[in-house]
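All remarks here apply to the structure that follows.
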Amino acid sequence: MNTPLCTGHENGIGLSRRDFLNKCAMGFGAIALSDLFNPVRTSASGGILENTHFAPKAKRVIFLYQSGAPSQMDLFDHKPVLNARHGEELPDSVRRGQRLTGMSTHQASFPLAGSPFAFGQHGESGATLSELLPHTATIADELCFIKSMYTEAINHGPGVTFMQTGSQFPGRPTIGSWMSYGLGSMNENLPVYVVLTTKGGKGQPLTSRYWDSGFLPGRHDGVRFRPDRDAVLYLNNPPGVSRESRRSAIQCLRELHERQLAQSKDPQLENQILQYEMAFRMQTSVPEVTDLSGESEATLNLYGEDVRQPGTYASNCLLARRLAERGVRFIQLFHQGWDFHANLPERIQQMCKKTDQASAALIKDLKSRGMLEDTLVIWGSEFGRTNYCQGKMTKDNFGRDHHPRCFTIWLAGGGSNAGYTHGQTDDFSYNIAKDPVHIHDFHATLLHLLGIDHKRLTYRFQGRDYRLTDVHGKVVKPLLA
């Protein structure tokens with residue numbers, strides 16, 4: 001029984017394409033390593049899909065992940081009624097008995113907290129944005145806002161896992177891993193899936209499961225680039241080992257793997273061979289892509305003064321553009337620090353100063369290079385914040401708890417509907433009033449923009465066909481250009 005074109009298997013039954021190639025040519029791994037020393041490849045690929053299900057609008061994705069959950073009513077979701085009723089008790093008719101986190105469930109009072117920041121309309125689209133986002137306001141007409149996102153997750157670990165994998169439980173492949181598995185590579189010298197984290201970030205901890213391939217083969221893991229001399233751990237040769245020596249060692253490993261592969265037909269050997277191949281090539285490609293010294297002064301100024309410090313959010317945004325330029329499929333930025341349970345008015349201003357200019361600069365930079373059309377940029381997080389104060393509220397200070405019932409993200413480029421706002425929350429930014437978008441719907445729409453039917457990109461594991469959207473999700477067509 002042959003493997004379906006869009007489905008992978010952990011164990012083949014009968015003579016699959018993999019078995020056929022193993023028997024005839026010692027497998028893909030041997031071919032890949034042979035190509036390392038005698039490259040004749042005409043195009044980079046390696047994905048399970050020989051063709052996308054329909055014409056893609058986006059070739060690559062940059063996800064600007066704001067870890068910790070930004071407050072939607074202080075940045076995007078202007079609520080005059082909430083401001084007018086500042087200090088009043090959260091009405092039971094609004095809360096509707098919904099679940100609270102353990103951090104505020106024992107509060108005796110839930111006073112409403114209006115936003116202390118002014119809002120204005122921007123661009124021809126009239127998008128409403130907080131005064132905290134002056135740079136984002138300049139690209140308002142490039143953005144597609146989703147103000148009606150919702151999730152079932154109420155705490156950070158399950159919330160981030162859900163947004164990244166489509167499940168609250170660890171062990172599923174992340175978005176980038178699904179893209180790697182389905183679409184493969186556009187540059188054989190760089191990973192398909194790269195992760196960047198802000199240096200010195202504080203807040204909810206980041207764990208490697210947020211960029212893990214789960215039950216997919218390990219070559220689909222995200223590769224974390226660090227803002228240090230060695231951007232990828234253990235990539236460079238140790239002292240005394242030359243590139244020629246490393247090449248010779250890989251040649252010997254290839255011969256050993258070929259012998260073992262001919263006997264065992266173990267797909268893990270193919271993964272190991274491919275990973276050795278990629279690591280060898282990355283010794284040259286990674287230092288080149290992470291070196292920002294060739295960027296023009298105008299470009300550096302566009303991203304702001306922090307761009308000159310490796311590992312800052314601004315520097316990572318510029319690095320994301322360089323990675324996208326070189327064909328990396330999925331680039332994930334994690335920026336920690338948005339978890340404001342207290343002292344929100346001061347802390348959210350500080351966070352916006354670190355992220356606003358660089359986020360907008362990335363969109364402008366991509367557009368100026370003709371890349372925004374086929375690069376989908378996402379700005380978002382795991383959930384939103386409550387409209388009531390967590391803890392004690394004073395005249396000038398308050399905090400907000402986690403809120404899964406509604407939150408805002410935005411998209412830009414890659415076939416998204418620029419200058420459009422989708423969905424609406426109630427007057428208190430507590431419940432969705434119009435056009436809800438679940439995380440599964442968001443994932444289905446993301447894959448659609450990449451030319452993939454989310455129901456048809458699957459992987460068989462433990463007797464079940466899994467997909468990013470689990471058994472849910474629908475494409476939100478108004479989000480498409």
Item to complete: Have a look at A153, A113, A127 and point out the one that is over 22 Å from Q357 (Cα atoms), modelled with pLDDT of 95 or more and touching a helix residue (DSSP H, G or I) at 6+ places or on another chain (Cβ under 6 Å).
Response: A153
Fill in: From T197, T136, residue being closer than 21 Å to S208 by Cα and crowded, with 18+ Cβ neighbours inside 10 Å
T197
Worksheet item: Would it be correct to say that A433 is within 23 Å of A137 (Cβ to Cβ), surrounded by fewer than 23 Cβ atoms within 10 Å (Cβ to Cβ) and over 18 Å from the mean Cα position of the chain (by Cα)?
Response: no
Response to the item:
Subset of the stretch 310-336, residues surrounded by fewer than 21 Cβ atoms within 10 Å (Cβ to Cβ) and more than 24 Å from M282 (Cβ to Cβ), comes to Q336
Worksheet item: Is one or more of the residues making up the stretch 287-295 among the aliphatic types (A, V, I, L, M), out of contact with any Cys (no Cβ under 6 Å at 6 or more places or on another chain) and farther than 29 Å from D356 by Cβ?
Response: no
Worksheet item: Picking from G222, G201, G214, which residue would you name as being closer than 21 Å to L318 by Cα, modelled with pLDDT of 90 or more and not basic (K, R)?
Response: G222
Worksheet entry | Matching residues, the stretch 169-207, being in a strand (DSSP E or B) and at positive phi | G184
Worksheet item: Does H454 count as outside any loop (DSSP other than H, G, I, E, B), in contact with a Gly (Cβ under 9 Å, 6 or more places away or on another chain) and crowded, with 19+ Cβ neighbours inside 10 Å?
Response: no
Worksheet item: In the stretch 370-424, which strands (runs of 3 or more DSSP E) lie fully inside it and hold 3 or more residues that are under 29 Å from N83 (Cβ atoms) and not small (G, A, S)?
Response: 407-412, 420-422
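Looking only at the stretch 232-249, count every residue that is of a type in the set (A, V, I, L, M, F, W, C) and either without any contact (Cβ under 8 Å) to a residue 24 or more places away in the chain or part of a helix (DSSP H, G or I) (or both) and tell me the total.
Step one: filter the stretch 232-249 for residues of a type in the set (A, V, I, L, M, F, W, C), giving 232-233, 235, 241, 249.
Checking which are either without any contact (Cβ under 8 Å) to a residue 24 or more places away in the chain or part of a helix (DSSP H, G or I) (or both) leaves us with 233, 241, 249.
Summing the residues that are of a type in the set (A, V, I, L, M, F, W, C) and either without any contact (Cβ under 8 Å) to a residue 24 or more places away in the chain or part of a helix (DSSP H, G or I) (or both) in the stretch 232-249 gives 3.
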Discussion item. Restricting to the stretch 321-361, give me the number of residues that are within 15 Å of K199 (Cα to Cα) and outside any loop (DSSP other than H, G, I, E, B).
Written reply: 7
Practice prompt. Can you work out which of the residues in the stretch 148-167 that are among the hydrophobic types (A, V, I, L, M, F, W, C) and in a helix (DSSP H, G or I) is nearest to the chain's Cα centre (by Cα)?
Written response: M163
Discussion item. List the residue pairs whose Cβ atoms are under 9 Å apart, where the first residue sits in the stretch 427-450 and is on the phi > 0 side of the Ramachandran plot, the second is buried (at least 22 other Cβ atoms within 10 Å of the Cβ) and assigned to a helix (DSSP H, G or I), and the two are 6 or more positions apart or on different chains.
Written reply: S429/Q72; S429/M73; S429/L82
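The values are calculated or read from the model by the stated rules, or taken from the named source; none is laboratory data. This one's a predicted model, so the numbers in the text were calculated from it and none came from an experiment. Every residue, glycine among them, receives a Cβ derived from its backbone with ideal geometry; neighbour counts consider all protein chains shown.
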